[in-house]
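Chemist: Dropping the structure in here first, questions after.
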Amino acid sequence: MKLTVLGNNSALPAFGRHPTAQVVSVYGDLLLIDCGESTQIQLQRFGLKWRKIEHIFISHMHGDHYFGLPGLINSMSLLGRVAPLHLYGPAELEPIIQQILKVADTVLSYPFHFHALPEDSQVLVEEEYYKVTCFPVSHRIFCHGFVVEQKSKGRKILPEKCRENEIPLYFYDRLKKGEDYETKDGRIIKNEWVTIEGPEEKKYAYCADTIFTDSYLQYIKDADTIYHEATYLEKDAQKAADRFHTTAKQAAEMAKMANAKQLLLGHFSSKYRELEPFKEEASEIFPNVVVTIEGTTYDI
């Protein structure tokens, strides 16, 4: 599982940084989380294929998290998309999208499905090898974070070793589950002879705009990677509280309480040109801190 950051700034684009958007790749499926201005341009710029995006998740109704959505939806249609698109967001988002399509007399070339986010936590997508869950955070308006969990595909088959030991194809699924194979003459082919460890289960937590609070800690516990908003530095902690945002230091405290392995910082205020101070403050609390860079892909 990998994360590519398309936009890591807050309300305004500044210093080459764009409003919030990111893509999570799970076994080749692309999930778009938030869709600020310039998202489709950033997708093109960094070589991400929108055709692989089947699910889009919008955390809340502040424009820097969804103003890029109408353009992306329309461009997908102009370019002949036929695969269904599922959009998950606050209920108020659907009539906005429908009105934009209506006044432009736009008929999409693909099935479009809107799913309103619930008030509490809920599984939104459950696929064979991953699932996506939403959870409420505490912002000025209705707002959610998202957890993406990569499931295990089992052990990885070594085809040459299987052929050497004359293991039939129908048994491969059982090898993935860790079973040994017994030949017709009673010999036991040990599983570890013909397989290796497969991809591990992973947990990624996206903590959208929120004040510093432990109200959502239960949902992000033991995440491999947390992306947390860090709009302000600690010198502006009061401003962060007044505007229901978090400082870099507070984001690090959340990562520490959650027992996370890695913390990615983003959603920076446009008042800051330099971002190194964000890492310096957070690193005092939590050691494995990364200040995100747009276009960079991070291992979860």
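Chemist: Which pairs turn up if I take residues in segment 186-206 that are free of Cβ contacts under 8 Å to residues at least 12 places away in the same chain and look for partners that are surrounded by 10 or more Cβ atoms within 10 Å (Cβ to Cβ) with beta carbon separation below 8 Å, at least 6 apart in sequence or on another chain?
Modeler: From residues that are free of Cβ contacts under 8 Å to residues at least 12 places away in the same chain, the pairs are Ile188/Asp180; Ile188/Tyr181; Ile188/Glu182; Lys190/Asp180.
Chemist: Could I ask something else about it? Would you point out which residue out of Tyr27, Tyr66, Tyr110, Tyr88 is at pLDDT below 95 and among the hydroxyl-bearing types (Ser, Thr, Tyr)?
Modeler: Tyr27
Chemist: Let me ask something else about it. So, in segment 242-262, exactly how many residues are assigned to a helix (DSSP H, G or I) and either touching an Asp or Glu at 6+ places or on another chain (Cβ under 8 Å) or surrounded by 15 or more Cβ atoms within 10 Å (Cβ to Cβ) (or both)?
Modeler: Residues that pass the stated criteria total 9.
Chemist: Condition check: aliphatic (A, V, I, L, M), open to solvent by 20 Å² or more (accessible area, probe 1.4 Å) and farther than 28 Å from Glu126 by Cβ. Does Leu79 satisfy that?
Modeler: yes
Chemist: Just name the residue that is nearest to Cys143 (Cα to Cα) out of those in segment 184-241 that are open to solvent by less than 20 Å² (accessible area, probe 1.4 Å) and of a type in the set (Val, Ile, Thr).
Modeler: So, considering only residues that are open to solvent by less than 20 Å² (accessible area, probe 1.4 Å) and of a type in the set (Val, Ile, Thr), the one nearest to Cys143 (Cα to Cα) is Thr210.
Chemist: Being part of a strand (DSSP E or B), open to solvent by 40 Å² or more (accessible area, probe 1.4 Å), in contact (Cβ under 8 Å) with a residue 12 or more places away in the chain and not β-branched (Val, Ile, Thr): is that true of Glu54 here?
Modeler: So Glu54 passes the test.
Chemist: Just one of the numbered conditions (1) surrounded by 17 or more Cβ atoms within 10 Å (Cβ to Cβ); (2) closer than 28 Å to Gly47 by Cβ; (3) touching a residue at least 40 places away in the same chain (Cβ under 8 Å) is not true of Asp299; which one?
Modeler: Answer for Asp299: the failing condition is (1).
Chemist: Going by the structure shown, is Pro168 in contact with a Lys or Arg (Cβ under 7 Å, 6 or more places away or on another chain) and open to solvent by 20 Å² or more (accessible area, probe 1.4 Å)?
Modeler: no
Chemist: Given the condition modelled with pLDDT of 95 or more, part of a loop (DSSP other than H, G, I, E, B), aromatic (Phe, Trp, Tyr) and on the phi < 0 side of the Ramachandran plot, answer yes or no: does some residue in segment 143-163 qualify?
Modeler: No, segment 143-163 contains no residue that is modelled with pLDDT of 95 or more, part of a loop (DSSP other than H, G, I, E, B), aromatic (Phe, Trp, Tyr) and on the phi < 0 side of the Ramachandran plot.
The values are calculated or read from the model by the stated rules, or taken from the named source; none is laboratory data. What you are looking at is a predicted structure, and each value in this text was computed from that prediction instead of being measured. Neighbour counts are summed over all protein chains in view; Cβ atoms, including those assigned to glycine, are modelled from backbone coordinates with ideal geometry. Just so you know, the surface numbers come from the protein's heavy atoms only, side chains and all, with ligands and any DNA or RNA stripped out. Shrake-Rupley method; radii C 1.70, N 1.55, O 1.52, S 1.80 Å.
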